[in-house]
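Written below as structure tokens is the structure these notes are about.
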DNA sequence: GTCTATAGCTGGATAGAC
DNA sequence: GTCTATCCAGCTATAGAC
């Protein structure tokens, strides 16, 4: 969104990236469904045959973006929790980072969770999602939580935060600060749970 | 889903309904994007010109389904909270009903929140969503909460529950009972909030 | 690794008969 | 209120030249 995809003429070193950026533009403009290989190729400055050198088909490009989403989340959420010194703070930071990510990367987020791709058909995507969850449990675990408890909490905080993120994007909670705060409050409550 | 849409030949009394049922079938089979007027018409046993007697265009049919979703939610969530005798119980019941609804009516739910329609373009949809939220605040209000507090709580519980609903549908929390329980726990925590 | 060209299909929407 | 017929646009995907 910030990186201008240069008005290219012929060949760039990185068509994959140009196509994926164009795809995100399309999703941002037209909604989760508004993506087409043809239009993305047009915007990347290549013909619509070119993508097939890099992707098996249309879905494959989308799947690549979903993977990118998981990778970015792993990085951002990990960074957000890094400096926390107890599980509650870690989960609070995670919740805020979750909502913030959805706001910052709304196209990617919508694409990942808008049902645009059938994740069952892409084992690597499915697996990346699982791995993300497990990676994120490491921090709270390192801060003293049991394995299973940490996994449960991370999953529940993620779920709850997801709802606040969606409600923010949908305009039900228009104010980002409110959404961030609400997600954090919910996360801290879940973290204090003793059941 | 339970009502077989009869193998019709010509004219039914209720093409609108037949088309909308077919649309939900399509969403269930192919994902939130898998809907097309052509295919829905085919399944309803009419030509693809017929829908235009009932809908301005493709989006109009989808919008009608989103309205149906809001109407059903209003009814189901209202019923769920009915017998509650204090705000916490009401919100707990609301949370469970929210997740249960998503599970029962997953096609309708995905369609409503999967970005299939641009709600901005349909003022009636936007308004129905707002009204739903306000209607739902009545019960907790009747049980003693202040107006603003009730609205905030209902919105936050809805958001949190939404996340659990989505995570259940996405397979992150595969077990429905777990999702229901987790949503309820989160709701009760939010309800006990004093900030 | 990208281009041109093309095949083949599906979908949205309209006009006019019944 | 549905049908037939038709138009046009857009998309996915492949073949073969450069």
Legend entry - the range B:27-53: number of residues that are closer than 24 Å to residue A:116 by Cβ and assigned to a loop (DSSP other than H, G, I, E, B): 6
Inset, instruction - Kindly list the number of the only condition in (1) more than 13 Å from DNA strand C (Cβ to nearest atom); (2) in contact with a helix residue (DSSP H, G or I) (Cβ under 6 Å, 6 or more places away or on another chain) that fails for residue A:51. - result: (1)
Legend entry - residue A:140, sole failed condition from (1) more than 9 Å from chain B (Cβ to nearest Cβ); (2) over 22 Å from residue A:111 (Cβ atoms); (3) surrounded by 24 or more Cβ atoms within 10 Å (Cβ to Cβ); (4) within 19 Å of the chain's Cα centre (by Cα): (4)
Inset, instruction - Might you let me know whether the range A:22-33 holds any residue that is within 14 Å of DNA strand C (Cβ to nearest atom), away from every other protein chain (no Cβ under 14 Å) and at pLDDT 95 or above? - result: yes
Legend entry - Meets criteria (closer than 22 Å to residue B:192 by Cα and either more than 8 Å from chain B (Cβ to nearest Cβ) or assigned to a loop (DSSP other than H, G, I, E, B) (or both)) for residue A:188: yes
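What tally of residues in the range A:113-131 results from selecting those that are at the interface with chain B (Cβ under 10 Å from one of its Cβ atoms) and part of a helix (DSSP H, G or I)?
Number of matching residues: 6.
Among the residues of the range A:156-185, what is the count of those that are more than 29 Å from residue B:120 (Cα to Cα) and in contact (Cβ under 8 Å) with a residue 12 or more places away in the chain? Break it down stepwise before answering.
So the first thing to find is which residues in the range A:156-185 are more than 29 Å from residue B:120 (Cα to Cα), and the list is A:156-157, A:185.
From what is left, the residues that are in contact (Cβ under 8 Å) with a residue 12 or more places away in the chain are A:156-157.
Looking only at that region, the number is 2.
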Inset, instruction - Being part of a helix (DSSP H, G or I), more than 14 Å from chain A (Cβ to nearest Cβ), more than 9 Å from DNA strand C (Cβ to nearest atom) and over 12 Å from residue B:22 (Cα atoms) is the filter here, so list the residues in the range B:54-69 that pass it. - result: B:64, B:67, B:68
Inset, instruction - Filter the range B:51-61 for residues that are within 11 Å of DNA strand D (Cβ to nearest atom) and surrounded by fewer than 17 Cβ atoms within 10 Å (Cβ to Cβ) and give the result. - result: B:52, B:53, B:54
Inset, instruction - Please indicate, with yes or no, whether at least one residue in the range A:58-79 is in contact with a helix residue (DSSP H, G or I) (Cβ under 6 Å, 6 or more places away or on another chain), under 30 Å from residue B:118 (Cβ atoms) and at pLDDT below 95. - result: no
Legend entry - Residues being within 7 Å of chain B (Cβ to nearest Cβ) and touching a helix residue (DSSP H, G or I) at 6+ places or on another chain (Cβ under 7 Å) - total across the range A:171-185: 3
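For every residue, the table says whether it meets (1) touching a residue at least 24 places away in the same chain (Cβ under 8 Å); (2) surrounded by fewer than 22 Cβ atoms within 10 Å (Cβ to Cβ).
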{"site": "A:29", "(1), (2)": "no, yes"}
{"site": "A:36", "(1), (2)": "no, yes"}
{"site": "A:39", "(1), (2)": "no, yes"}
{"site": "A:46", "(1), (2)": "yes, yes"}
{"site": "A:63", "(1), (2)": "yes, no"}
{"site": "A:78", "(1), (2)": "yes, yes"}
{"site": "A:85", "(1), (2)": "yes, yes"}
{"site": "A:99", "(1), (2)": "yes, no"}
{"site": "A:123", "(1), (2)": "no, yes"}
Inset, instruction - Only residues that are modelled with pLDDT of 95 or more, farther than 20 Å from residue B:186 by Cβ and touching a helix residue (DSSP H, G or I) at 6+ places or on another chain (Cβ under 8 Å): list them for the range B:84-125, please. - result: B:105, B:106, B:107, B:108, B:110, B:111, B:112, B:122, B:124, B:125
Inset, instruction - Output the qualifying pairs, or none if there are none: Cβ atoms under 8 angstrom, residues six or more apart or on different chains, first residue in the range A:132-152 and at positive phi, second residue modelled with pLDDT of 95 or more. - result: A:144/A:86; A:144/A:87
Legend entry - Single condition residue A:163 does not satisfy, out of (1) within 11 Å of chain B (Cβ to nearest Cβ); (2) within 20 Å of residue A:83 (Cα to Cα): (2)
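The values are calculated or read from the model by the stated rules, or taken from the named source; none is laboratory data. The shown structure was predicted, so the numbers you read here are calculated from the model rather than taken from an experiment. Cβ coordinates were reconstructed from backbone atoms using ideal geometry, including for glycine residues, and neighbour counts include every protein chain displayed.
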